[in-house]
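The values are calculated or read from the model by the stated rules, or taken from the named source; none is laboratory data. All values derive from a computational prediction rather than experimental measurement. Here the Cβ positions follow ideal geometry from the backbone for every residue, glycine too, while neighbour counts run over all protein chains shown. SASA here: full protein model, heavy atoms, side chains in, ligands and nucleic acids out. Shrake-Rupley method; radii C 1.70, N 1.55, O 1.52, S 1.80 Å.
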Amino acid sequence: MSLLMTMINLVLLLSIFILFVQVFPEEAALRPSVVNVGAIFSFDTINGKVAKVAMKAAEDDINSDPSILGGRKLFVALHDSNYSSFLSFIGALQFMETDTVAIIGPQSSVMAHVLSHLANELHVPLLSFTALDPGLSPLQYPFFVQTAPNDEFQMIAIAEMVSYFGWAEVIAVFSDDNQNRNGIIMLDDQLAERRCRISYKATLPPDPMAKRSDVLRELAKIQMMESRVIVLNTFSKTGLLVFEVAKSLGMMEKGYVWIASTWLSTVLDSTSPLKPETANSIRGALTLRPHTADSKRKRDFISRWNQLSNGSIGLNPYGLFAYDTVWMIARAVKLLFDQGGNISFSNDERLISLTGMDLNLSALSIFDGGKQLLKNVIETKMTGLTGPVRFNQDRFLINPSYDIINTVETGYRQVGYWSNHSGLSIVPPETLYGKKPNRSSSNQHLDSVVWPGGETIKPRGWVFPNNGRELRIVVPNRVSYRDFVSVVNGTNKVQGYCIDVFLAAIKLMPYAVPYRFIPYGNGHENPSYYELVSKIAAGVFDGAVGDIAIVTDRTRIVDFTQPYIESGLVVVAPVKKISSNPWSFSRPFTPSMWAVTAAFFLIVGSVVWVLEHRINDEFRGSPRQQIVTILTFSFSTMFFSHRENTVSTLGRLVLIIWLFVVLIINSSYTASLTSILTVQQLSSPIKGIDTLISSSERIGFQIGSFAERYLTEELGIPKSRLVQLGSPEDYARALEKRQVAAVVDERPYVDLFLSDRCEFSIRGQEFSKRAWGFCLDLQRHISILLQAEK
């Protein structure tokens, strides 16, 4: 009975459908039972395989819900382009001939540029989640829609990573196709905004045509360059080949930095487990993965994935974008029907006029509802597997963001996120969307990274290039004071304090500075520093490192760095030790000081007597008694033990002032006597430079020092009084034998000289404030660089 009822219902439905077609033939044609959508991909690629499974899953989910298309079926026709642009074009033409309302794809931006012209003419929207070329402008290609974040944002993320780690230069390795080439152009612009740059661009044949020899040739060039930060923008086959060759060349070791675009994250997500050699070759690299917010729908889909794919491939974010893209088309078609629109096609008169040709171009027709369908797609507002799906006024998906992934020995680990809203962070971007954007450098954070070679310390990012011009750095070949700078006998190796300062400064430079040291001097006496500086000005050398004083006449011909040590001229002279004797207590004051102090005691005693004796009985008596009172009163105030009281106001005022003076005298005397009795006392007739200027004694100076010119030109000391001395031993000998009264030299040399010679001492203060620095002819170097850039 039930079977009979079922057959009757089917007959009735069929009759109604036939009647509808006969009465409304146009409506039946405009509301087809199947909505055709095309998809053009290379299904042998990772993203092609993932997209195929995801799009079919979306098709099944849509068709299982009659409310989406009102009982109509969505059919996604797949066309395998097999890496061929020609086959992609043929597939697009086939879809255009079969009343296709939209095409998902193409996979590559190269074909997106071509097919977009066709879509513009026939009003068939193209939606792609893999052709993400920044050059695909909606103004030029209005029917092309990118349903995943544009590569512009990926390049911004890489540029901010480079800036975050403090690298100034990078090398770009990329496949020479539209998407990767335009991505590197965008990266160059973004780096320039952050005061960084691409120092070299290594181009490879388009994926997958690159051969090992092509990669080897470019990486061999890169090995010779100074930058060690390499950005790899390509696709999976070429990318893995680059890492394989880099590993064989030792370019995945300590010091290198590799940043790969999103292709590497698709390999990590979809290829599991990786081959051991592949995992080993990519270890330590950084890569980006489109960020998709966590949700129950996403988790449910992930749990279904193994069943959908039969375990053939792992899911990556582009599979989620593929799924959402099919749903975007279905929702846009539903909205088109709800708006009263239809699926109809009309002939293009321009193509009909070409019917005399062998090509069947007249079969291509214009989708009448294409503009409205495109508008519906662009105005999509839904929540998909990737999160909220909406487009901004520039037709970019809102809130583009990426996961930042570090490949490690056990697979990979996430070290942070990047979003267009907040930049680099260690918290998911969706948690920051409600806060005010803060892109300041202090607010940018990433977790620790394991770099190539297993290093956890951030690489410097550059080395000294093997093909760069070396700076010729001249170093004085000193004979004396070799602790500051010296040449190791029989070699060109230099060492000393000044060299250590230079090497430490070089390590802090954010770019490579190739150099070589060139000793200057005959090795028998200290070279002339004026001649050394003059050779830099003449272009014989590029710079000088050593104990070079920054003086006025030198700064007129060369440039100096910031000083790294203070150095003024001082006077060194022999000193004698003053031995202790019973009269040492009198040495704190000079005889004149003692006389003045005694006189003041008597004067103060007399003044107080004058003010007090008329009204104070203690200051009266016989003349002899009054004299004794004056003496005992005044001297007893030294110990604050005076017996007599003062009565008058003036007397008390004088006494208070005098007691304060006595306190000062006592304190000074005590301090001086303590110093005399506890500290070794040295004496010399030379008190400083003024003593030498006023005398006719001979003065020693170090060979090659600027002290000679300073003494003669600045202080007016006759040159006949000056004696050249070549070493600390010469200093000591000349001073001990009274060949010179004193030696004038720079403070660092003198400190070293006095470190083991206690019989000499610095007399007076420094009388010429100077400093040491490194020198070079900066103006000439700038001119050379400008000419090289031209």
| How large is ³J(HN,Hα) for each residue in the range 302-317, as worked out from phi by the Karplus curve 6.51 cos²θ - 1.76 cosθ + 1.60 (θ = phi - 60°), to whole Hz, x for Gly and Pro? | 4, 5, 7, 4, 4, 5, 5, 9, 6, x, 7, 7, x, 7, 10, x
| Amide hydrogen neighbours beyond the local backbone of Ile548, cut-off 5 Å, H modeled | Gly773
| said: Given the whole protein assembly as supplied and a 1.4 Å probe, what does the accessible area of Leu503 come to in Å², nearest 10? | reply: 60 Å²
| Rounded to a whole number, what % of the accessible area of the range 420-558 do carbon and sulfur atoms account for, probe 1.4 Å? | 53 percent
| said: Order Leu655, Leu754 by their accessible area, 1.4 angstrom probe, all chains in place, largest first. | reply: Leu754, Leu655
| Stretch Ile665-Thr590 to full length: gain in nm at 0.36 nm per residue minus the Cα-Cα span? | 25.7 nm
| request: Leaving ligands, DNA and RNA out of it, rank Lys56, Lys201, Lys298 by accessible area with a 1.4 Å probe, largest first. | output: Lys201, Lys56, Lys298
| remark: Whole-percent carbon and sulfur contribution to the accessible surface of the range 97-192 (1.4 Å, no ligands, DNA or RNA) stands at 52 percent
| field | Long-range HN-HN contacts of Ala131 with modeled amide H, under 5 Å | value | none
| query | Going by the alpha-carbon gyration tensor, a ≥ b ≥ c the square roots of its eigenvalues, is the range 49-190 rounded (a/c under 1.5) or, if a/c is not under 1.5, prolate (a/b greater than b/c) versus oblate? | reply | prolate
| field | Accessible area (Å², 1.4 Å probe, nearest 10) - Arg482 | value | 90 Å²
| From the backbone phi of the range 651-662, what are the Karplus-calculated ³J(HN,Hα) couplings (6.51 cos²θ - 1.76 cosθ + 1.60, θ = phi - 60°) in whole Hz, Gly and Pro given as x? | x, 5, 4, 4, 5, 4, 4, 5, 4, 5, 5, 4
| note | Rounded to the nearest 5, the percent of DSSP beta bridges in the chain running antiparallel is 45 percent
| request: Heavy atoms only, probe 1.4 angstrom, no DNA, RNA or ligands counted: give me Lys381, Lys275, Lys52, Lys247 ranked by accessible area, highest first. | output: Lys381, Lys275, Lys52, Lys247
| message | For the pair Tyr433/Lys493, report the inter-label distance in nm, with labels modelled 7 Å from Cα in the Cβ direction. | response | 6.3 nm
| query | Given that just one value was derived from the coordinates, which of [x] 1.65; [y] 1.01; [z] 1.05 is Cα Rg over 2.2 N^0.38 Å? | reply | [x]
| Relative contact order %, the range 141-267, counting alpha carbon pairs below 8 Å whose residues are six or more apart | 26 percent
| task | Apply 1/(1 + (r/R0)^6) to the Cβ-Cβ distance of Ser64 and Thr98, taking R0 = 22 Å, and write down the FRET efficiency to the nearest 0.05. | result | 0.35
| said: Starting from the 7 Å offset along Cα-to-Cβ, what nm value, one decimal, do you get for the label separation of Leu602 and Lys507? | reply: 7.3 nm
| query | Which value, in Å², gives the accessible area per residue of the chain when a 1.4 Å probe is used on the protein heavy atoms? | reply | 49 Å²
| note | Sorted by chain and then number, the residues having a modelled amide H within less than 5 Å of the amide H of Lys73, at least 5 places away or on another chain, are Val34, Val35
| field | Longest segment of the chain lacking GluC sites (Glu not before Pro) that sit in a DSSP loop with at most 13 other Cβ atoms within 10 Å | value | 1-378
| message | Can you work out the Karplus-derived ³J(HN,Hα) for every residue in the range 189-200? Use 6.51 cos²θ - 1.76 cosθ + 1.60 with θ = phi - 60°, whole Hz, and x for glycine or proline. | response | 5, 5, 5, 4, 5, 9, 6, 10, 7, 8, 7, 7
| query | What accessible surface, in Å², does a 1.4 Å probe find on Cys758, ignoring ligands, DNA and RNA and rounding to the nearest 10? | reply | 110 Å²
